[in-house]
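Asks: Following this message is one structure expressed as structure tokens.
The values are calculated or read from the model by the stated rules, or taken from the named source; none is laboratory data. Model, not experiment: these values are computed from the prediction. Neighbour counts run over all protein chains shown; Cβ positions are idealised from the backbone, glycine included. Note: areas computed on protein heavy atoms with side chains; ligands, DNA, RNA excluded. Shrake-Rupley method; radii C 1.70, N 1.55, O 1.52, S 1.80 Å.
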Amino acid sequence: MSTPFYVSPQQAMADRAEYARKGIARGRSLVVLQYADGIVFVGENPSRALHKFSEIYDRIGFAAAGKYNEYENLRIGGVRYADLRGYTYDRDDVTARGLANVYAQTLGTIFSSAGEKPYEVELVVAEVGETPDGDQIYRLPHDGSIVDEHGSVAVGGNAEQISGYLDQRHRDGMSLAEALKLAVQALSRDPNGSEREIPAERLEVAVLDRTRPQKRKFRRIVGRQLSRLLEADGAAAEAGGSEDSDEE
Amino acid sequence: MEANTRSTGRLPAAFLTPGSSSFMDFLSEHQPELLPGNRQLPPTQGVIEAPHGTTIVSVTFPGGVVLAGDRRATMGNVIAQRDIEKVFPADEYSAVGIAGTAGLAVEMVKLFQLELEHFEKVEGAQLSLEGKANRLSTMIRSNLGMAMQGLAVVPLFAGYDVDRDKGRIFSYDVTGGRSEEHGYAATGSGSIFARGAMKKLFREDLSEAEATTLVVQALYDAADDDSATGGPDVARRIYPIVTVITEDGFRRLTDDESSAIARSVLERRLEQPDGPRAALL
């Protein structure tokens with residue numbers, strides 16, 4: 001008869017964390033930045049249909065890196081949570097903070113329960129405020145911790161390097177075109193330092209735009225509008241940016 | 001926190017179970033007591049008195065559809081409210097106007113809006129106009145129990161069909177029976193009179209401006225002959241709610257725009273109280 005192995009709790013948790021981190025690192029990283037009129041989500045995603053970014057509620061957006069089926073599951077759970085809460089109370093009672101807490105609890109429970117395999121995902125929950133001061137960005141790593149971020153945040157395998165790059169260059173009050181370009185520059189740097197080109201067709205871009213007249217502030221930026229923003233130099237691009245919003 | 005009462009802050013299993021994209025289906029699995037149709041009514045004697053909304057009219061024109069409603073809510077012979085709103089956007093490309101028990105109607109619209117929005121967020125695509133009309137049908141059917149006690153809700157649903165590039169109107173009965181209307185439609189107690197007016201004034205080639213004027217004329221005629229329908233209230237500056245849905249989406253006319261239309265209709269009626277006439281032959 002064989003004796004069961006003893007694995008120390010520290011070792012077990014470290015193994016689970018490594019397992020999750022490796023899973024997350026297989027996918028591409030993505031970034032979320034504040035700009036003057038809102039929050040922009042940028043990532044490399046060859047798929048047109050399987051999104052990394054999506055709308056959760058009026059002012060709340062969601063971004064995820066890692067395993068698709070797992071973050072999709074969490075995304076739908078979040079939409080259900082937000083819609084149910086808004087239906088029971090009021091639309092204003094749905095907040096990014098509340099949602100981030102629920103996600104943190106969910107990820108944390110899954111991570112530390114021995115019966116389940118840890119989720120290989122890293123999430124960002126962002127809410128756009130009336131003014132830049134009201135913007136909220138929360139990063140949720142696989143283990144259920146929660147980090148309140150300001151300015152810019154990167155998640156995914158290569159996140160540390162990218163966020164280092166962003167921290168040096170991001171400043172408050174950037175225009176959408178400036179923020180978008182900075183995000184693309186940050187994403188196109190490889191871990192070994194070399195740069196590669198990410199064509200516009202492989203980019204997924206979405207914004208939470210506080211200037212949008214509708215209650216729902218989330219919109220995707222695609223096609224012509226995206227290439228125009230990428231080509232434009234700095235502030236000149238902005239004029240066209242928020243006008244033709246609904247070309248989804 | 002409602003969503004969390006059943007666990008330790010973690011999303012309950014129902015939230016993470018793959019399944020339907022319908023918010024109503026989710027509610028009926030997770031918290032069925034929150035669905036309006038599942039409410040148990042105590043046995044009552046006679047009909048329950050609650051404010052009722054009255055006339056809703058809708059007209060299509062090339063490129064879109066107009067949906068409008070008067071502003072009166074009545075409770076028996078009392079005017080319960082003079083500035084009630086009975087026409088609401090359902091989503092970007094559709095709107096719903098409701099006659100019947102006001103309280104239930106507003107609740108039904110709220111759930112309907114959420115149903116469409118929920119589907120859109122989960123699926124990443126909008127429902128077809130037909131699909132939206134069918135969802136509304138289901139909701140009315142679930143209200144049948146209350147309708148039998150006098151708390152009926154009878155909506156008119158209008159939208160721009162992006163796939164067919166045209167405006168379409170759907171009308172309903174209390175059992176959820178749905179039928180597509182061609183050209184124009186009306187619901188509520190003043191609808192017979194409104195429909196008569198629209199029948200005479202409607203043409204296939206109306207412009208948007210003509211269509212919005214037409215619905216105001218029809219509402220005037222409804223108010224003229226039905227005591228439960230309110231006409232334009234010039235003294236209090238309360239005018240009908242007129243909404244237009246086109247390729248560009250839903251738009252509600254501003255107070256200035258709808259008052260301008262209502263005033264021009266009123267002016268003409270001062271000279272000709274029965275309104276514009278159709279040619280005899």
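Asks: Could you list, in their original order, any pairs among A:Lys22/A:Lys67; A:Lys52/A:Lys217; A:Lys22/A:Lys181; A:Lys22/A:Lys117 whose Cα atoms are separated by more than 22 Å? Walk me through the numbers before you get to the answer.
Replies: Values: A:Lys22/A:Lys67 11 Å; A:Lys52/A:Lys217 17 Å; A:Lys22/A:Lys181 28 Å; A:Lys22/A:Lys117 13 Å.
Beyond 22 Å: A:Lys22/A:Lys181.
Asks: Compare the Cα positions of B:Gly188, B:Thr213, B:Gly167 along the charge dipole of segment B:111-240 (+1 at Cβ of Lys, Arg; -1 at Cβ of Asp, Glu; about the Cα centre) and return the one farthest towards the positive end.
Replies: About the Cα centre, the residue reaching furthest to the positive side is B:Gly188.
Asks: Now for a separate question. Taking the Cα centre as origin and putting +1 on Lys and Arg beta-carbons and -1 on Asp and Glu beta-carbons, what dipole magnitude results for the protein assembly as shown, to the nearest 20 debye?
Replies: Dipole size: approximately 840 debye.
Asks: Angle, helix A:68-88 long axis vs. longest principal axis of chain A, Cα atoms, 0 to 90°, nearest 10?
Replies: 70 degrees
Asks: Here is a follow-up. What residue among B:Pro240, B:Pro18, B:Pro89 has the largest mean-square fluctuation in a Gaussian network model of chain B, using Cα springs under 10 Å?
Replies: So, out of B:Pro240, B:Pro18, B:Pro89, the one fluctuating most is B:Pro18.
Asks: Here's a follow-up. Hand me the GluC sites (Glu not before Pro) from segment A:154-200 located in a DSSP loop with no more than 13 other Cβ atoms within 10 Å, in residue order please. List each step's numbers first, then the result.
Replies: Working: sites: A:Glu160, A:Glu178, A:Glu195, A:Glu197; in loops: A:Glu197.
In loop regions of segment A:154-200 (DSSP not H, G, I, E or B), the sparsely surrounded GluC sites (Glu not before Pro) are A:Glu197.
Asks: What lysines sit close enough to B:Lys132 to cross-link, taking a C-alpha to C-alpha distance under 22 Å and skipping anything fewer than 8 places away on the same chain?
Replies: A:Lys215, B:Lys86, B:Lys110, B:Lys121, B:Lys166
Asks: Pick out, from A:Ala104, A:Ala20, A:Leu84, the residue whose Cα sits farthest towards the positive end of the charge dipole of segment A:1-119, with +1 on the Cβ of Lys and Arg and -1 on the Cβ of Asp and Glu.
Replies: A:Ala20
Asks: Right, here's the next one. Would you work out the Kirkwood radius for segment B:84-188? I mean one over the mean of 1/r across all pairs of different Cα atoms, in Å. Mind dumping the intermediate values first?
Replies: Numbers: mean 1/r = 0.0727 Å⁻¹.
Radius from the Kirkwood sum: 13.8 Å.
Asks: Hey, another quick one. Using DSSP to define loop residues, name the trypsin sites (Lys or Arg not before Pro) in segment B:175-264 whose beta-carbon has at most 13 other beta-carbon atoms within 10 Å. Walk me through the numbers before you get to the answer.
Replies: Values: sites: B:Arg178, B:Arg195, B:Lys199, B:Lys200, B:Arg203, B:Arg236, B:Arg237, B:Arg251, B:Arg252, B:Arg263; in loops: B:Arg203, B:Arg236, B:Arg237.
Loop-located and lightly packed - B:Arg203, B:Arg236, B:Arg237.
Asks: On to the next question. Which percent of the Cα-Cα distances in chain B go past 26 Å?
Replies: 44 percent
Asks: Using 0.36 nm times the number of residues separating A:Glu201 and A:Leu50, minus their current alpha carbon distance, what extension gain do you get? Provide the component values of the computation, followed by the final result.
Replies: Working: separation 151, 0.36 × 151 = 54.36 nm, distance 1.40 nm.
Gain on stretching A:Glu201 to A:Leu50: 53.0 nm.
Asks: Can I ask one more? Can you give me the C-alpha center-to-center distance between segment B:206-281 and segment A:1-56, rounded to a whole angstrom?
Replies: Centre-to-centre distance over Cα atoms comes out at 57 Å.
Asks: List residues of segment B:216-256, by number, whose backbone nitrogen lies under 19 Å from a label position 7 Å along Cα→C-beta of B:Glu49.
Replies: Zone members listed by number: B:227-229.
Asks: Now, a different point. Using the Cα centre of chain B as the reference point, and only Cβ charges (+1 on K/R, -1 on D/E), how large is the resulting charge dipole? Debye, rounded to the nearest 20.
Replies: Values: 28 positive and 39 negative charges, 109 e Å.
Dipole size: approximately 520 debye.
Asks: What distance in nm separates the simple spin-label points at A:Lys215 and A:Gln185, each placed 7 Å from Cα in the Cβ direction?
Replies: 4.0 nm
Asks: Given springs between every Cα pair under 10 Å in a Gaussian network model of chain B, which of B:Gly46, B:Gly64, B:Gly176 has the largest fluctuation?
Replies: Looking only at B:Gly46, B:Gly64, B:Gly176, the biggest GNM fluctuation is shown by B:Gly46.
Asks: What stretch of chain B, leaving out the sites themselves, is the longest with no GluC sites (Glu not before Pro) in a DSSP loop having at most 13 other Cβ atoms within 10 Å?
Replies: Values: sites that count: B:Glu49, B:Glu204, B:Glu247.
Between exposed loop sites, the widest span is B:50-203.
Asks: Also, quick follow-up: For B:Ala13 and B:Asn77, calculate 0.36 nm times their separation in residues minus their Cα-Cα distance, and state this gained length in nm to one decimal.
Replies: 18.0 nm
Asks: How big is the dipole moment of chain A about its Cα centre under a simple scheme where the beta carbon of each Lys and Arg is +1, that of each Asp and Glu is -1, and everything else is neutral? Debye, nearest 20, please.
Replies: On the way: 31 positive and 40 negative charges, 129 e Å.
In debye, rounded to 20, chain A gives about 620.
Asks: Next question. Name the residue farthest towards the positive end of the dipole of segment B:1-102 from the options B:Gly37, B:Ile79, B:Ala13, assuming +1 on Cβ of Lys and Arg, -1 on Cβ of Asp and Glu, about the Cα centre.
Replies: Farthest towards the positive end: B:Ile79.
Asks: Per the helix-only calculation at 222 nm, which mean residue ellipticity applies to the protein assembly as shown, given -39500 (n - 2.57) for every DSSP H run of n ≥ 4 and division by its residues, nearest 500 deg cm²/dmol? Could you put the intermediate results ahead of the total?
Replies: Details: 15 runs with 190 residues, N = 529.
It lands at -11500 deg cm²/dmol.
Asks: Taking 7 Å along the Cα-to-C-beta vector as the label spot, tell me the A:Tyr19-B:Asp25 distance in nanometres, rounded to one decimal.
Replies: Going from the A:Tyr19 label point to the B:Asp25 one covers 3.2 nm.
Asks: Now a separate question. Residue by residue, what Karplus-based ³J(HN,Hα) values in Hz, rounded to whole numbers, does segment A:167-178 have, using 6.51, -1.76 and 1.60 with θ = phi - 60° and x for Gly and Pro?
Replies: Computed from phi, the couplings for segment A:167-178 are 4, 6, 10, 6, 9, 5, x, 5, 7, 4, 5, 5 Hz.
Asks: Tally Lys/Arg at +1 and Asp/Glu at -1 over every other residue whose Cβ is under 15 Å from the Cβ of B:Leu280; what's the total? Write down the numbers at each step before the final one.
Replies: Working: positive: B:Lys199, B:Lys200, B:Arg277; negative: B:Asp274.
Every neighbour counted, the sum reads +2.
Asks: Multiply the residue separation of B:Asp163 and B:Ser179 by 0.36 nm, subtract the distance between their alpha-carbon atoms, and state the gained length in nm to one decimal.
Replies: Details: separation 16, 0.36 × 16 = 5.76 nm, distance 1.91 nm.
My answer for the length gained is 3.9 nm.
Asks: Once you list every other residue whose beta carbon is under 12 Å from the beta carbon of B:Gly69, what net charge do they have if Lys and Arg are +1 and Asp and Glu are -1? Walk me through the numbers on the way to the answer.
Replies: Details: positive: B:Arg71, B:Arg72, B:Lys86, B:Arg252; negative: B:Asp70, B:Asp83, B:Glu85.
Result for the neighbourhood of B:Gly69: +1.
Asks: Considering only protein heavy atoms and a probe of 1.4 Å, how much of the accessible area of segment A:2-43 is carbon and sulfur, as a whole percent?
Replies: Values: 1400 of 2410 Å².
Carbon-and-sulfur percentage of accessible area, whole number: 58.
Asks: Take the solvent-accessible surface of the protein heavy atoms, probe 1.4 Å, and return the percent of it on chain B that carbon and sulfur atoms account for. It would help to have the intermediate numbers written out before the result.
Replies: Details: 6600 of 12980 Å².
Carbon-and-sulfur percentage of accessible area, whole number: 51.
Asks: Here's a follow-up. Which semi-axis lengths, in whole Å and largest first, follow from the square roots of five times the eigenvalues of the Cα gyration tensor of the protein assembly as shown? Working shown, then result.
Replies: On the way: eigenvalues 501, 166, 61 Å².
Equivalent ellipsoid of the protein assembly as shown: 50, 29, 17 Å, largest first.
Asks: Return the value, in Å² to the nearest 100, of accessible area buried between chains A and B (probe 1.4 Å, both sides summed).
Replies: Details: alone 12520 and 14330 Å², together 24130 Å².
That pair hides around 2700 Å² of surface in total.
Asks: Using 7 Å Cα-to-Cβ label points, what is the A:Glu231/B:Arg141 separation (nm, one decimal)?
Replies: Taking the simple label geometry, A:Glu231 and B:Arg141 are separated by 5.2 nm.
Asks: Compute the distance from the alpha-carbon center of segment B:131-183 to that of segment B:12-38, in whole Å.
Replies: Spelled out, the Cα-based centre of one part sits 22 Å from the other.
Asks: In Å², what does the accessible area per residue of the protein assembly as shown work out to with a 1.4 Å probe? Spell out each step's value before the answer.
Replies: Numbers: 24130 Å² over 529 residues.
Accessible area per residue: 46 Å².
Asks: Work out which chymotrypsin sites (Phe, Trp or Tyr not before Pro) in chain A are exposed loop sites (DSSP not H, G, I, E or B, at most 14 other Cβ within 10 Å) and give the longest gap free of them.
Replies: A:90-248
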